[in-house]
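Remarks on the structure that follows.
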Amino acid sequence: MKNIAVILLFFALSCPFSTRAQDISQLTAQCAANAGEVMYLKDFIVKLDAGTPGGAPPTARFALLLSKSVVYRLSICTAPNSEGEAVLQLFDMNTLLGSTFITATGKEFPFFDFKCQKTGVYHVFISFKEGKAGEGVGVLSYVKKL
């Protein structure tokens with residue numbers, strides 16, 4: 001009887017985690033599908049807490065190697081339960097190369113294309129507007145070779 005209780009407790013505790021994993025995999029698949037007729041390469045799963053007032057917003061950072069003469073598409077999707085909207089930015093060292101949110105105009109984009117001019121390590125930063133808490137997925141896709 002004790003073994004059955006332990007097994008039931010194990011399944012009851014593991015269900016929320018499997019549901020969350022399923023939600024994230026569905027969000028990743030949806031985000032990759034929304035990128036259009038491209039080839040999925042990599043995803044960046046992010047879950048961030050809210051930032052402190054006056055502090056820098058929490059940001060997830062990912063390094064990736066991109067190849068010269070290739071067009072890549074970087075997409076972002078925000079989970080429905082998120083407080084904030086996810087923003088994806090691509091950097092080469094300290095130079096911003098692309099973003100899904102243009103601060104000056106307030107325009108948002110679900111993705112942007114990047115024509116890689118040199119092979120090297122680039123950095124993807126994902127954060128949430130106004131430092132709010134959130135969960136989201138970034139997707140890197142191959143568009144074409146130049």
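Could you check the simple spin-label distance between Ser69 and Ile102, using points 7 Å along Cα→Cβ, in nm with one decimal?
3.1
Suppose the chain between Val121 and Gln30 were pulled fully straight at 0.36 nm per residue; how much longer would it get relative to their current alpha carbon spacing? Intermediate values should be presented prior to the final figure.
Details: separation 91, 0.36 × 91 = 32.76 nm, distance 2.69 nm.
Gain on extension, Val121 to Gln30, equals 30.1 nm.
Expected output is a single nm value to one decimal: the length gained when fully extending between Ala133 and Ala56, i.e. 0.36 nm times separation in residues minus the C-alpha distance. What is it? Display every interim value, and only then the final one.
Details: separation 77, 0.36 × 77 = 27.72 nm, distance 1.29 nm.
Length gained, Ala133 through Ala56: 26.4 nm.
Just the number please: accessible area per residue for the stretch 33-146, 1.4 Å probe, all protein chains included, in Å². Intermediate values should be presented prior to the final figure.
Working: 6450 Å² over 114 residues.
Solvent-accessible surface per residue comes out at 57 Å².
Enumerate the aspartates and glutamates that Lys68 could reach by cross-link, defined here as Cα to Cα under 19 Å, with residues fewer than 8 away along the same chain left out.
The qualifying aspartates and glutamates are Asp92, Asp113.
Report, ordered by chain and residue number, the lysines lying within cross-link reach of Lys132, taken as a straight Cα distance under 16 Å and ignoring same-chain residues fewer than 8 apart.
Lys47
What accessible surface, in Å², does a 1.4 Å probe find on Arg61, ignoring ligands, DNA and RNA and rounding to the nearest 10?
So the heavy atoms of Arg61 present about 150 Å² to solvent.
Looking at the stretch 23-113, which GluC sites (Glu not before Pro) are DSSP coil and have at most 10 other C-beta atoms within 10 Å of their C-beta? If you can, show how the numbers build up before the last one.
Details: sites: Glu37, Glu83, Glu85, Glu108; in loops: Glu37, Glu83, Glu85.
Listed in order of number, the matching sites are Glu37.
What does the C-alpha gyration tensor say about the overall shape of the stretch 87-136? Classify as rounded when a/c is under 1.5, otherwise prolate if a/b is larger than b/c, or oblate. Please report the intermediate quantities before stating the final value.
On the way: a/c = 2.15, a/b = 1.63, b/c = 1.32.
It comes out prolate by the Cα gyration axes.
The values are calculated or read from the model by the stated rules, or taken from the named source; none is laboratory data. Everything numeric in this text was worked out from a predicted model, so none of it was measured. Ideal geometry is used to build each Cβ from the backbone, glycine not excepted, and the neighbour counts take in all protein chains shown. Heads up: the accessible areas ignore ligands, DNA and RNA and are worked out on the full protein's heavy atoms, side chains in. Shrake-Rupley method; radii C 1.70, N 1.55, O 1.52, S 1.80 Å.
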